[in-house]
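Contents: one structure, followed by commentary.
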């Protein structure tokens, strides 16, 4: 048979083939193979080549619309790029405030029906473009004589009530630790995950203590214990003198070169500091007040009141691997209210602040403030380069020739 005849023959048989049952399709294929002397698989491919309408294709159907996937990616950025389990726990809170083009009740129901594995599957390729770096600037020289005063932290039991806090500092030094630059203080409650940040210029004892006092005065719970590392910004006479007057606060320190001793605050150093200000050098003292405004008025309320956290409740070893179990995601504010240690006034003040906030407005204000901060930093860096500019040999020669 000629090629032209085969094409016409397949065009006439194709519609009848796709309207038939599976048993009838087998009979039709036998008939075509007998008439054309072609292989069975080749016949199937030829019949499928010009087919556009027919029964549903095999495979897994798409359960969620493109609109829900689009808003899922947008919400992932709004929520600070948190993990899927925390996103699922945050959806009931955030979707009450969220608005966007194409977002309606159907998309909302689809997002609320998603599981954490579904969120991971849709965001896996989208997350792959983001990376992270690490840099440490802890200096324990000069703190040796104070290490004997502050005892090491004991790991006999886990803190299950609010008030046990870990503290650490992050250097905004860029690629060099020389000179003076901005630092961020992070204080995290181990039980609830409640975290506060403050920025200060230079790693002096006075500056660090002022940031600690600022956070201490703003805590919605009573500080019972403070665990720090072995750096000189913590282990100094100003720091010890302040907490000596606070008889109810117990001071402890982590073991040198053991970051896991302060694992809760070390984790927050990335999520609460590096995710906001990244790894560039900040060496303009004028920027400190803007950093504190971002921390105090936007980022910390967003994380403490509206961003759920999951905590590991059990860890066991099965053969050669560890099996970890986690609790249901809850915000630090909800964990604090459920702890039962707050006084009536503390609980009332916390609920009053929570009811006055809107996560979408906080996120938009945060993005705007960070954009303004980056623009101001860029202009200050440019001005500094212009001030320290020195003419080159060729510039001097060109000027003298004129």
Exercise. Taking the residues in region 323-364 that are part of a loop (DSSP other than H, G, I, E, B) and in contact with a strand residue (DSSP E or B) (Cβ under 8 Å, 6 or more places away or on another chain) as candidates, determine which candidate is farthest from residue 302 (Cα to Cα).
Key: 327
Quiz item: Is it fair to say residue 257 is more than 20 Å from residue 341 (Cα to Cα) and out of contact with any helix residue (DSSP H, G or I) (no Cβ under 9 Å at 6 or more places or on another chain)?
Solution: yes
Exercise. Looking only at region 206-213, decide whether some residue is crowded, with 22+ Cβ neighbours inside 10 Å, closer than 23 Å to residue 182 by Cα, in the same structural domain as residue 166 (by TED's automatic domain parsing) and in contact with a helix residue (DSSP H, G or I) (Cβ under 6 Å, 6 or more places away or on another chain).
Key: no
Quiz item: Can you name the number of the only condition in (1) within 27 Å of residue 338 (Cα to Cα); (2) touching a strand residue (DSSP E or B) at 6+ places or on another chain (Cβ under 6 Å) that residue 218 fails?
Solution: (2)
Quiz item: Would it be correct to say that residue 339 is surrounded by fewer than 11 Cβ atoms within 10 Å (Cβ to Cβ) and within 24 Å of residue 188 (Cβ to Cβ)?
Solution: no
Self-check item: Residues that are under 20 Å from residue 300 (Cβ atoms) and part of a helix (DSSP H, G or I), drawn from region 77-88
Solution: 77, 78, 86, 87
Quiz item: Within region 261-284, can one find any residue that is touching a strand residue (DSSP E or B) at 6+ places or on another chain (Cβ under 6 Å), assigned to a loop (DSSP other than H, G, I, E, B) and either modelled with pLDDT of 90 or more or not assigned by TED's automatic domain parsing to the domain that holds residue 304 (or both)?
Solution: yes
Quiz item: Among the residues of region 391-401, is any part of a loop (DSSP other than H, G, I, E, B), out of contact with any strand residue (DSSP E or B) (no Cβ under 9 Å at 6 or more places or on another chain) and either at pLDDT 95 or above or not assigned by TED's automatic domain parsing to the domain that holds residue 223 (or both)?
Solution: yes
Practice problem: Determine, yes or no, whether residue 298 is in contact with a helix residue (DSSP H, G or I) (Cβ under 9 Å, 6 or more places away or on another chain), over 26 Å from residue 83 (Cα atoms) and outside any loop (DSSP other than H, G, I, E, B). | Solution: no
Exercise. Go through region 91-109 and give me each residue that's closer than 14 Å to residue 72 by Cβ and either assigned by TED's automatic domain parsing to the domain that holds residue 331 or modelled with pLDDT under 90 (or both).
Key: 100, 102
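The values are calculated or read from the model by the stated rules, or taken from the named source; none is laboratory data. Just so we're clear, the structure is a prediction, and the values are computed from it rather than from any experiment. Backbone-built Cβ (ideal geometry, glycine too); neighbour counts: all protein chains shown.
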